[in-house]
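Here is the structure we will look at, set down as structure tokens.
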Amino acid sequence: MSSSDTVPATGLSTGLSLRAVGAGLLAALVGYASSVAVVIHGLTAVGASTEQVVSGLVLVGFAMGVTAMGLSLHRRKPISIAWTTPGMALLAATGAVEGGFAAAVGAFVVTGVLIVLAGLWSPLGRWIAAIPKPLANGMLAGILLKLCLAPFLAVSQAPGVALLVLATWAVVGRVARLYAVPAAVAVALGAMALDSSGGLAGGAALSGALWPGVTFVQPVFTWEAMVGIALPLFVVTMASQNIPGLAVLATYNYAPPTRPIFLATGAASALTALGGAPTVNLAAITAALCASPDADPNPARRWQAAFVSGIGYILFAGLAGVTAVMVTRSPPILIEAVAGLALVGAFGSALMGAVQVEANRTAALVTLLVTASGLSFAGVGSAFWGLLLGGAVHLLHWRPAALQPAK
């Protein structure tokens, strides 16, 4: 029996842990504030209107909240759920596809179904895990590169606000790294709110956003969206969110079965996609906030942190209208700058994972460069072609271990 299943002699696993409650609220705050701009930017890039962005934020908040509460309560383990931040960066890099946002929604639905299939049919999950990690990391780094450059490109277009956001991120990161991005987001949102082009001066729009609604989107299923969005989104979600999320849980001696997790998150993703919501999956970064001893010294009570984080995400869904109106009415470069700061850490980790092993470095760099190039062919985005061409180079350079030169 793992330590996560053992209740220490001191403390009761059934008792309420105020420390876990605080950790759960912090996880929800950090998870939402750190990447909501990425989600909004990704949805608008594939053609979502402000109303559809609001609808997507409302539903994804409920999807994350309900699945986190249900899974953590049922399994009594700190199973944290988040939206696919790398997947939203993928949408931002891909841009609009034939069929508009309806085609993107069709791709969201298919991605959710593929995650369900990964839970029902274990070979599918193993195939995703079998993608060479340098290639998966190279694809992710290529997706994130453009956004991570945005904070510095913003200095030339909106120097005052961009420099203030960058300074906030750097200074707060020196003192409390966990709060660096939320602090930068708060400064950026404040600037957006005071911007006469779309902030508090747009009183009618902002007051109307206080009551966010849900908009049904009739999905359209196109070849371009399936290959250009659904397939890369599924790979990114599994390789960059679900697998690392399981690894984080394993670090703290939690090993929940993957089938109920994939079934729940995949079904929730497919259902809420009809309202424009992006895919949900296991949390990776914020998972450590709920699973570590900081949440509670007693491993048997840390599930409460994940449960409370789910409540937090549902509460944040009520802010979807205000957040979406302020962000979508602000200069796009400022939105990209905030999103890029939220992804710097993920880009660094992906880049390190891509080039660390010299034998796989060339294939990984090909994957990264093709993905970052924005190449589009036959209506299919660069992420797919990057993985395909990088995989071809990997196979070309691959040699059995027996034929490797002696060191």
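The values are calculated or read from the model by the stated rules, or taken from the named source; none is laboratory data. Source: prediction; values computed, not measured. For neighbour counting, all protein chains shown are included, and Cβ atoms are generated from backbone atoms with ideal geometry for every residue, glycine included. Please note that ligands, DNA and RNA were not included when accessible areas were found on the heavy atoms of the full protein model with its side chains. Shrake-Rupley method; radii C 1.70, N 1.55, O 1.52, S 1.80 Å.
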Practice prompt. Give the residues of region 273-296 that are part of a loop (DSSP other than H, G, I, E, B) and more than 20 Å from G61 (Cα to Cα), sorted by residue number.
Written response: S292, P293, D294, A295, D296
Discussion item. Against the conditions (1) among the polar types (S, T, N, Q); (2) under 28 Å from M352 (Cα atoms); (3) open to solvent by less than 20 Å² (accessible area, probe 1.4 Å), where does S55 fall short? Just the number, please.
Written reply: (2)
Worksheet item: Restricting to helices (runs of 4 or more DSSP H) lying wholly in region 95-176: which have 1 or more residues that are closer than 17 Å to L351 by Cβ?
Response: 133-157
Practice prompt. Mind listing whichever residues of region 239-273 are hydrophobic (A, V, I, L, M, F, W, C), more than 21 Å from G348 (Cβ to Cβ) and touching a helix residue (DSSP H, G or I) at 6+ places or on another chain (Cβ under 8 Å)?
Written response: L246, L249, A255, I261, F262, L263, A264, A267, A268, A270, L271, A273
Discussion item. Looking at region 232-243 only, could you name the residues that are in contact with a Ser or Thr (Cβ under 9 Å, 6 or more places away or on another chain) and not aromatic (F, W, Y)?
Written reply: P232, L233, V236, T237, S240, Q241, N242
Worksheet item: Does P244 qualify as being out of contact with any Asp or Glu (no Cβ under 8 Å at 6 or more places or on another chain) and not in a helix (DSSP H, G or I)?
Response: no
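Does F101 fit the bill of being open to solvent by less than 20 Å² (accessible area, probe 1.4 Å) and either over 17 Å from the mean Cα position of the chain (by Cα) or without any contact (Cβ under 8 Å) to a residue 12 or more places away in the chain (or both)? Reasoning before the result, please.
Numbers: open to solvent by less than 20 Å² (accessible area, probe 1.4 Å): yes; either over 17 Å from the mean Cα position of the chain (by Cα) or without any contact (Cβ under 8 Å) to a residue 12 or more places away in the chain (or both): yes.
Taking the combined requirement at face value, the residue satisfies it.
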Worksheet item: For the subset of region 216-265 comprising residues that are hydroxyl-bearing (S, T, Y) and open to solvent by less than 20 Å² (accessible area, probe 1.4 Å), which member is modelled with the highest pLDDT?
Response: T265
Practice prompt. Please go through region 138-176 and pick out each residue that is open to solvent by 70 Å² or more (accessible area, probe 1.4 Å) and under 19 Å from the mean Cα position of the chain (by Cα).
Written response: K146, L149
Discussion item. Taking the conditions exactly as written (modelled with pLDDT of 75 or more and basic (K, R)), does R301 satisfy them or not?
Written reply: yes
Item to complete: Run S373 past the list (1) hydroxyl-bearing (S, T, Y); (2) surrounded by fewer than 21 Cβ atoms within 10 Å (Cβ to Cβ); (3) at pLDDT below 70 and report the number of the one that doesn't hold.
Response: (3)
Worksheet item: Among the residues of region 70-86 satisfying the criterion of being open to solvent by less than 10 Å² (accessible area, probe 1.4 Å) and of a type in the set (A, V, I, L, M, F, W, C), which is nearest to A350 (Cα to Cα)?
Response: W83
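Filter region 376-399 for residues that are assigned to a loop (DSSP other than H, G, I, E, B) and either open to solvent by 50 Å² or more (accessible area, probe 1.4 Å) or at pLDDT 80 or above (or both) and give the result.
Filtering region 376-399 down to residues assigned to a loop (DSSP other than H, G, I, E, B) leaves 376, 378-379, 381, 398-399.
Scanning region 376-399 gives S376, A378, W398, R399.
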Worksheet item: Counting only residues that are open to solvent by less than 20 Å² (accessible area, probe 1.4 Å) and at pLDDT 85 or above, how many does region 274-294 have?
Response: 11
Worksheet item: Taking L124, is it open to solvent by less than 10 Å² (accessible area, probe 1.4 Å) and either in contact with a Lys or Arg (Cβ under 9 Å, 6 or more places away or on another chain) or at pLDDT below 95 (or both)?
Response: no
Item to complete: Could you check L334 against (1) more than 20 Å from I243 (Cα to Cα); (2) hydrophobic (A, V, I, L, M, F, W, C); (3) at pLDDT 85 or above; (4) open to solvent by less than 40 Å² (accessible area, probe 1.4 Å) and say which number it fails?
Response: (3)
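Residues checked against (1) surrounded by fewer than 14 Cβ atoms within 10 Å (Cβ to Cβ); (2) among the aromatic types (F, W, Y); (3) at pLDDT 90 or above; (4) more than 30 Å from E224 (Cα to Cα):
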| site | (1), (2), (3), (4) |
| --- | --- |
| M1 | yes, no, no, yes |
| S13 | no, no, no, yes |
| S17 | no, no, no, yes |
| A23 | no, no, no, yes |
| V30 | no, no, no, yes |
| A33 | no, no, no, yes |
| V36 | no, no, no, no |
| G47 | no, no, yes, no |
| T50 | no, no, no, no |
